[in-house]
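The values are calculated or read from the model by the stated rules, or taken from the named source; none is laboratory data. Everything numeric here is computed off the predicted structure, so don't read it as measured data. So basically every Cβ, Gly included, is an ideal-geometry build from the backbone, and we count neighbours across all protein chains shown. These area figures cover heavy atoms from the full protein model, side chains too; ligands, DNA and RNA do not enter into them. Shrake-Rupley method; radii C 1.70, N 1.55, O 1.52, S 1.80 Å.
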Amino acid sequence: MMSERQRPRFAVCLAAYNGMAYIVEQVESILLQKNVDIQIFISVDQSTDGTEDRLAEWSLSEPRLTLLPFSLRFGGAGPNFYRLLREVDLTGFDYLSFADQDDLWHLEKLWRAHCLMTAQNAKGYSSNFTAFWSSGQSRVVNKAWPQRSWDFLFESAGPGCTYVLHSSLAKPLQQLVRNADKSLLRIDYHDWLTYAFARANNYSWVIDDWSSMQYRQHANNQIGVNAGWRSFLLRVRKILNGYGFEQSLLIAELINASTLPVVRHGLRGGRLGYLWLAFRAKQCRRKRIDQIWFFISCVLLALIKPAVKGIA
């Protein structure tokens with residue numbers, strides 16, 4: 001049997017906002033993780049449903065809950081996770097993991113990540129997940145497509161709630177966030193930034209084909225699974241108005257990846273740059289259908305050439 005001293009230690013960073021409907025189930029599924037020691041650090045975006053009071057009461061009897069000071073307003077999951085990255089003390093932890101407030105974790109989620117990362121000497125981990133709805137519908141979402149040369153500048157490695165970072169990756173990422181100026185808040189997706197930072201700095205990353213958690217889908221999801229025509233059309237509109245490439249450039253600048261050919265010749269190449277990217281779609285997205293849509297989007301962008309906001 002593994003001794004207490006040998007058990008890997010995880011700092012679980014959970015961002016919450018008006019989470020009373022589901023947060024108790026989620027936290028309980030984290031507290032029940034097998035073969036690991038955990039400390040859950042929770043940052044609550046100023047809420048109106050009693051989330052702060054419920055967690056404050058719970059923390060009195062559960063020493064594995066650490067609550068960051070309340071009464072701050074972030075206005076989105078990204079800034080809330082950046083706050084966690086800045087303020088959580090990672091000393092003594094082997095891993096950092098992100099958590100949303102409304103999912104359900106497989107009881108071996110963290111242990112499997114530890115075992116797979118150890119076996120493959122990986123510093124970053126993400127996985128497939130099972131999307132589920134209140135209607136009873138569910139489906140496994142596959143994110144374990146082969147990684148590509150530049151995929152990290154155009155997509156994340158999956159939802160951040162599946163991420164596990166070894167301390168040797170988590171601490172430099174934390175330093176990046178602590179040193180960043182206000183442009184950090186223009187990057188909407190902490191998980192995309194995390195994956196990009198890891199890959200750009202040659203930290204090995206594994207995407208597990210095992211479903212590590214149940215990813216709850218409901219009306220208040222800030223970012224849900226890409227299911228249905230409404231969700232699909234929303235993403236297409238973001239691509240065609242230049243939003244996606246704007247985010248790519250912001251990330252590239254923050255992680256010092258601006259000298260990569262994909263940035264110099266592609267993202268900063270104007271109309272010809274979009275065409276340059278179109279013919280390198282296989283290097284920019286992992287999934288085959290996403291490569292096709294990336295190619296089509298780049299060709300369309302070459303025709304309409306939207307202004308990329310706020311990027312010199």
Using a Gaussian network model of the chain with C-alpha springs under 10 Å, which one of 255, 207, 292 is most mobile by mean-square fluctuation? 292
Solvent-accessible area of residue 282, probe 1.4 Å, all protein chains present, reported in Å² to the nearest ten, please. 120
How much of the accessible area of the chain, in percent, comes from carbon and sulfur atoms when a 1.4 Å probe is used? 52
Spin-label point model (7 Å from Cα, Cβ direction): what's the residue 288 to residue 259 distance in nm? 3.8
Per residue, how much accessible area does the range 1-58 show when a 1.4 Å probe rolls over the protein heavy atoms, in square angstrom? 47
Over all alpha-carbon pairs of the range 145-199, lay out the pair-distance distribution in 10 Å bins, whole %, shortest bin first. 22, 55, 22, 1
Which value in Å is the Kirkwood Rh of the chain over different Cα pairs? 20.2
For residue 240 and residue 137 in the same chain, what is the full-extension length gain: residue separation times 0.36 nm, less their Cα-Cα distance, in nm? 34.0 nm
Considering only protein heavy atoms, what per residue accessible area in square angstrom results for the range 240-312 with a 1.4 angstrom probe? 50
If the chain between residue 108 and residue 49 were fully extended at 0.36 nm per residue, the gain over the current Cα-Cα distance would be 18.1 nm
On a 1.4 Å probe surface of the protein chains, which of 234, 173 comes out largest in accessible area, and what is the full order? 234, 173
Grab the eigenvalues of the alpha-carbon gyration tensor for the range 49-136, scale each by 5, take roots, and send me the semi-axes largest first in whole angstrom. 25, 19, 15
Over all alpha-carbon pairs in the range 99-179, figure out the percentage whose distance exceeds 21 Å. 38
Within the set 199, 268, 288, GNM on the chain using Cα springs under 10 Å gives the largest fluctuation to 288
Which FRET efficiency value, to the nearest 0.05, is calculated for residue 147 and residue 60 with the Förster distance at 45 angstrom and r the Cβ-Cβ distance? 0.55
May I ask what percent, to the nearest 5, of DSSP beta bridges between residues of the chain are antiparallel? 30
The alpha-carbon center of the range 129-180 and that of the range 277-300 are separated, in whole Å, by 20
Using the charge dipole of the chain (Lys, Arg: +1 at Cβ; Asp, Glu: -1 at Cβ; taken about the Cα centre), state which of 247, 261, 88 has its Cα farthest towards the positive end. 261
The range 33-98: C-alpha gyration tensor shape, a/c 1.5 cut-off, then a/b vs b/c: oblate
Sorted by chain and number, the residues with a modelled amide H under 5 Å from that of residue 210, at a separation of 5 or more or across chains, are 128
About the Cα centre, charge dipole magnitude for the chain (Lys/Arg +1, Asp/Glu -1 at Cβ), debye: 1600
Going residue by residue through the range 198-208, the Karplus relation 6.51 cos²θ - 1.76 cosθ + 1.60 with θ = phi - 60° gives ³J(HN,Hα) values, rounded to whole Hz and with x marking Gly or Pro, of 4, 5, 5, 9, 6, 7, 5, 10, 10, 10, 7
